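Notes for the one structure printed next.
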Amino acid sequence: MSLEFHQFPCLSDNYGVLVHDAASNTTISVDAPDAGAVRDALAEKGWTLTHILVTHHHADHTQGIDELKTVTGCTVIGPDNSEIVGVDRKVADGDVLQLAGDTVSVIATPGHTLDMLNFHFVNAGVLFAADTLFALGCGRVFEGTPEMMWQSLSKLAKLPGETVVYCGHEYTQANAKFSLTIDGGNKALQDRAAQIDEMRARGEPTVPTTIALELETNPFLRASDPQIRKNLGMEAASDSEVFAEIRERKNNA
């Protein structure tokens, strides 16, 4: 089995991704941020859309669904939320899909929204984290609680380190600058921040990332780190409390 992944920018800072399996002639769009951008990507690759996997209800992830479904007749799979129009198959935490020749595990990660789902292509070792986990960041907590978001991130942190992570947005350079205010003595983070600046100067995407790289450098996954706790003056706090403080500081950065 060999899946092909095609990432492309859309809207102001979103990423769309197509997943293609030639053997089954399956092509999946992860979310539908912009129908025109998805259709252009499909045309570029010469693929026909068969499925959309929806991560959550925010418009910048769903607004292209109706047009794409009308044009292609694709099957839409996503959370049980009436705000998302056109879902053919509703899935929830722990559900397992057989799709594109792979086993796709559905992981609920509430926090950013209450309906947030992530999709783990188990055999390919690829996670679509949407707005839960970003490169050097995490999503704002709009509908859940910081404790809920911490538990969601902790789920993802347990995936194999080599898992490739596709995120919903290109936020990495700003995230790196903030991360250095929390964990500035982290040499791996310093090196990564410099590399990110170089990549963005060349117009290159900083996504995808990996679970291992995020565990090493992303402060939102590192609430148990003694140096971060010392930096924040929170040595005796719980991990979720440390996370909540980091998230609040990012909100106000």
Based on other C-beta atoms within 10 Å, arrange ASP197, ASP183 from fewest to most. ASP197, ASP183
Using mean Cβ contacts within 10 Å as the protection proxy, how do 226-233, 129-136 order, highest first? 129-136, 226-233
Tell me the Kirkwood hydrodynamic radius of segment 24-90 in angstroms, computed as one over the mean inverse distance between distinct C-alpha pairs. 11.6
How many angstrom separate the Cα center of segment 183-237 from the Cα center of segment 1-28? 27
How would TRP150, TRP47 line up from fewest to most surrounding beta-carbon atoms within 10 angstrom? TRP47, TRP150
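Using alpha-carbon pairs under 8 Å, 6+ residues apart, how would you state the relative contact order of the chain in percent? Please report the intermediate quantities before stating the final value.
Working: 511 pairs, mean separation 32.7, N = 253.
Taking the mean separation of contacting Cα pairs over the length of the chain, I get 13 percent.
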Interchain or long-range residues, amide H under 5 Å from GLY16's placed H: PHE8, CYS10
Lysine-lysine proximity count for segment 4-251, Cα under 20 Å, sequence distance 8 or more or distinct chains: 7
Can you give me the long-range amide H partners of THR210? Hydrogens built in the peptide plane at 1.01 Å from N, cutoff under 5 Å, separation of 5 or more residues or another chain. VAL165
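Can you tell me the relative contact order of segment 12-109? Whole percent, Cα pairs under 8 Å, sequence separation 6 or more.
Details: 184 pairs, mean separation 21.7, N = 98.
Result for segment 12-109 is 22 percent.
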What list of ³J(HN,Hα) values in whole Hz, one per residue of segment 89-95 in order, does the Karplus curve 6.51 cos²θ - 1.76 cosθ + 1.60 (θ = phi - 60°) give from phi, with Gly and Pro shown as x? 10, 8, 10, 8, 3, x, 5
List, in order, the whole-Hz ³J(HN,Hα) value for each residue of segment 37-42 obtained from phi through the Karplus relation with A = 6.51, B = -1.76, C = 1.60 and θ = phi - 60°; use x for Gly and Pro. 5, 5, 5, 5, 5, 4
Using amide H atoms built in the peptide plane, which far-off residues or other-chain residues are under 5 Å from ALA130 H to H? GLY168
Please compute the Kirkwood hydrodynamic radius over the chain, one decimal place, Å, based on all pairs of different Cα atoms. 18.5
Quick one: 3J(HN,Hα) in Hz for segment 55-71, Karplus 6.51/-1.76/1.60 with θ = phi - 60°, rounded, Gly and Pro as x. 8, 6, 8, 4, 4, 6, 10, 10, 5, x, 4, 4, 5, 5, 5, 5, 6
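Read the figures in this text as sums done on the coordinates, not as results from a lab. Since we're looking at a predicted model, the values are computed, not measured. For neighbour counting, all protein chains shown are included, and Cβ atoms are generated from backbone atoms with ideal geometry for every residue, glycine included.
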